[in-house]
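A quick write-up on the structure given underneath.
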Amino acid sequence: MRTHSCGQLRAEHIGETVTLCGWVDRHRDHGGVIFLDLRDRTGLIQIVSDPERTPNSYQQAGDLRNEYVVKVTGRVSQRPSDSLNPRLATGEVEVYADHIELFNAVNRQLPFQVSAAETENVREELRLKYRYLDLRRERMSRNLQLRHQVTKTLRRYLEDVQGFMEVETPILTRSTPEGARDYLVPSRVSPGEWYALPQSPQLFKQLLMVSGVDRYYQIARCFRDEDLRADRQPEFTQLDMEMSFMTQAEIFALNEDMVCHLFKTVQGVELSRPFPQLTYAESMERYGTDKPDTRFGLELVNVSDLLKDSGFKVFSGAIASGGVVKVLPIPQGNDAISNVRIKPGGDLFKEAETCGARGLAYIRVRENGEIDTIGAIKDNLTPTQTQELLERTGAQAGHLLLFGAGDTNMVNKTLDRLRQVVGRELGLIDTSQLNFLWITDFPMFEWNAEEKRLEAAHNPFAAPHPDDLHDLKTARSQTYDLVLNGFELVSGSLRIYQPEIQQQVFELIGMSMEEAHRRFGFMLEAFDYGAPPHGGLAYGLDRLVMLMAGEESIRDVIPFPKTQQARCLLTAAPSGVDAQQLKELHVASTYQPKSST
């Protein structure tokens, strides 16, 4: 039907007769000569029709409008020197249309302009409702092609370079709730019983290691019924990997090589290796988060030991209660940040408040080491303490020191949030940088205050650090994340493969062996037949493509995403179903709509 794609034509095609198919991107009548921009997913080409040179197509060209679907046959010609378009790959040539065939017209008013030349800012709700039109637009088409290039490159690297095997794992499986909520599917043939959609292929990929697969990967669809954010979706895609007989260092080396290969192949970007590493404890101490953006400084400074006996009770009381006092030092913060912004009602105060902070203590550093702050802080700092504080924080004249005091988690969360806000505001972030960082040695467990029990910090299958086997309650796990510019890109671990250690972990999270066997008996039984040492990880593929595309939401790199309310505006899902369908599934809804009165 066509000899070339629209974006393929170059100067070497001049003189050839070609046939193209696509959508009319723009239509322009320049005093008797009609210009069309014809578009397909490969790009744009200019089509020309005039009554003397192409009389057979002239009338039809005049009748075409934006988004009409057409076939054009004509001769490739050199563009006049005054109409060359260096912004287009096809900008040296144009096609004189000898014949135009209309496949389909547009019979409704377009909800928004699709043309690459249009710059209107379309509401996301409208874009999602008419996603098939949105995907025609240059930005979304480019993102979709980038996603394809990423997955193709990853597949080829894993299979052809590293000898991985792609294995599909079930979508309908059993519910093993440990983390986010499951999406449940009723079984018609087994009344009263349910499948769950997988939150990840975790159990199956470990079983594949027991099966001797050795190196497994999968572009896996996963489902989690959780609250949504800009970088989360109820259904999402992982690059899932699992490997036998590999150390953590070997897993890191393989993945760093893959990531470097990906960025070089797809975007022509050279990354330096090895990627830096930080332990979880170091990351929390220095940045207040386990996914720090290291493209800029503003590191936190713990001054708890310096202020534990302070007469300022906000500081000393926080430390006495088991909390901390930390400082966020901001160079030139005196000029950039006013007191109004720090005090109640100010924007930075509100940012801190959303993290649980009751206020923001501060010190402004003046010339000659003088400080300016509220009297309650200044009067309770000795000259020696003041000097030590300035030395630890590296504060010079013009610095603003923001304090967080209280529960450690709250302080870290508050100062991390402020660090990001201030970093963006002061232009400290080099957006051209790609800063990868491994975070290692996460805690094995964390305390669930509501249920008054330990729970697995990542999942109950992560192996404890070999140096901490004497006390699993306080153990570090052999868990690792790969962070890119403040986003968690990868999460994984070495796995428990000894049944006795797995049993101890289940006991510590309050799961009896009866319960463990009810939920995971098939895997525990498999381990009794000889499980190899193994480990793995999973990339958030949507998030990876989002970062490579420079987008702020994963919805802009997913063909048909859900909204933050987990709704599909295109198909109006979720929706009601027929009563007969529910009857066949032996399911009844208990939902009662709220009264409108």
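The values are calculated or read from the model by the stated rules, or taken from the named source; none is laboratory data. Keep in mind it's a predicted model, so treat the numbers as computed, not measured. Cβ sites come from the backbone with ideal geometry, for glycine too, and all protein chains shown count toward neighbours. For accessibility, only protein heavy atoms count, side chains too; no ligands or nucleic acids. Shrake-Rupley method; radii C 1.70, N 1.55, O 1.52, S 1.80 Å.
If we count chymotrypsin sites (Phe, Trp or Tyr not before Pro) as exposed when they sit in a DSSP loop and have at most 13 other beta carbons within 10 Å, what is the longest stretch of the chain that avoids them all? It would help to have the intermediate numbers written out before the result.
Working: sites that count: Phe245, Tyr529, Tyr591.
It works out to 246-528.
Looking at the square roots a ≥ b ≥ c of the eigenvalues of the Cα gyration tensor of region 70-133, which shape do they give, rounded for a/c under 1.5, prolate if a/b is larger than b/c, or oblate? Oblate, because a/c is 1.5 or more while a/b does not exceed b/c. Between Gln564 and Ser272, the contour length at 0.36 nm per residue exceeds the Cα-Cα span by 101.5 nm.
Taking only complete DSSP H runs, can you tell me which helices of the chain stretch 20 Å or more along their own long axis by Cα positions and average at least -1.0 on the Kyte-Doolittle scale?
Values: long enough: 138-156 (27 Å, -1.49); 248-267 (28 Å, 0.26); 408-425 (25 Å, -0.81).
Long hydrophobic helices here: 248-267, 408-425.
Would you mind working out the accessible area per residue for region 238-390, using a 1.4 Å probe, and quoting it in Å²? Write down the numbers at each step before the final one.
Numbers: 7200 Å² over 153 residues.
Roughly 47 Å² per residue, with all protein chains present.
The radius of gyration of the Cα set in region 100-171, together with its Dmax, comes out at 18.5, 52 angstrom.
Could you list the square roots of 5 times each eigenvalue of the Cα gyration tensor of region 456-532, that is, the equivalent ellipsoid semi-axes, sorted largest first and rounded to whole Å?
Working: eigenvalues 114, 43, 32 Å².
Three semi-axes, in Å: 24, 15, 13.
Model label sites at Glu500 and Ala105, defined 7 Å from Cα along the beta-carbon direction, differ in position by 8.1 nm. Legend: calculated FRET efficiency, Gln433 to Phe112, from the Cβ-Cβ distance at R0 = 41 Å, rounded to 0.05, equals 0.75. Our analysis of region 36-164 gives Rg over Rh at 1.07, with the two radii drawn from alpha carbon positions and Rh computed by the Kirkwood formula.
Taking every protein chain into account, the accessible area of region 55-150 amounts to 58 square angstrom per residue (probe 1.4 Å). Pairs with C-alpha atoms separated by more than 20 Å, drawn from the list Lys205/Lys291; Lys291/Lys326; Lys129/Lys583, are Lys205/Lys291; Lys129/Lys583.
Could you list the GluC sites (Glu not before Pro) in region 43-138 that lie in coil according to DSSP, counting only those with at most 12 other Cβ atoms within 10 Å of their Cβ? Don't jump to the answer; show the numbers that get you there.
Numbers: sites: Glu52, Glu67, Glu92, Glu94, Glu101, Glu118, Glu120, Glu124, Glu125, Glu138; in loops: Glu52, Glu67, Glu92, Glu118, Glu120.
Those satisfying the criteria are Glu52, Glu120.
Express the Stokes-Einstein translational diffusion coefficient of region 122-215 in µm² s⁻¹, to the nearest whole number, given a Kirkwood radius over alpha-carbon pairs, 10 °C and a viscosity of 1.306 mPa s. Result for D is 92 µm²/s. Taking the inverse of the mean 1/r over every pair of distinct Cα atoms in region 448-597 gives a Kirkwood hydrodynamic radius of 19.9 Å.
Could you look at region 115-248 and say what percent of its accessible area is carbon and sulfur, using a 1.4 Å probe and all protein chains?
Values: 3290 of 6830 Å².
C and S atoms contribute 48 percent here.
Pull out a ≥ b ≥ c, the square roots of the eigenvalues of the alpha-carbon gyration tensor of region 269-400, then state rounded if a/c is under 1.5, prolate if not and a/b is larger than b/c, and oblate in the remaining case. It is prolate, given that a/c is not under 1.5 and a/b is the larger ratio.
Starting from 0.36 nm per residue, how many nanometres of slack lie between Gln162 and Leu84 once their C-alpha separation is accounted for?
Working: separation 78, 0.36 × 78 = 28.08 nm, distance 4.56 nm.
My answer for the length gained is 23.5 nm.
Provide the per residue accessible area, probe 1.4 Å, for region 432-569, rounded to a whole number of square angstrom.
On the way: 5820 Å² over 138 residues.
That works out to 42 Å² per residue.
If the viscosity is 0.692 mPa s and the temperature 37 °C, what Stokes-Einstein diffusion coefficient in µm²/s follows for region 255-331 when Rh is the Kirkwood radius over Cα pairs? Please report the intermediate quantities before stating the final value.
Details: Rh = 15.4 Å.
Answer, rounded: 213 µm²/s.
Each 5 Å bin from zero up to the one holding the largest Cα-Cα distance in region 346-434 carries the following percent of pairs: 3, 12, 20, 21, 20, 16, 6, 2, 1. If R0 is 41 Å, the Cβ-Cβ spacing of Gln149 and Asn368 corresponds to a FRET efficiency of close to 0.10.
One chain, two ends: Leu426 and Thr247. Fully extended at 0.36 nm per residue, the span grows by 60.3 nm beyond their Cα-Cα distance.
Could you tell me the calculated FRET efficiency between Lys264 and Ser321, based on Cβ-Cβ distance and R0 = 41 angstrom, to the nearest 0.05? Mind dumping the intermediate values first?
Working: r = 51 Å, r/R0 = 1.24.
Efficiency for this residue pair is about 0.20.
Taking 10 °C and 1.306 mPa s as the conditions, I'd like the Stokes-Einstein D for the chain in µm²/s, using the Kirkwood hydrodynamic radius from alpha carbon pairs. Intermediate values should be presented prior to the final figure.
Values: Rh = 28.7 Å.
Translational diffusion coefficient: 55 µm²/s.
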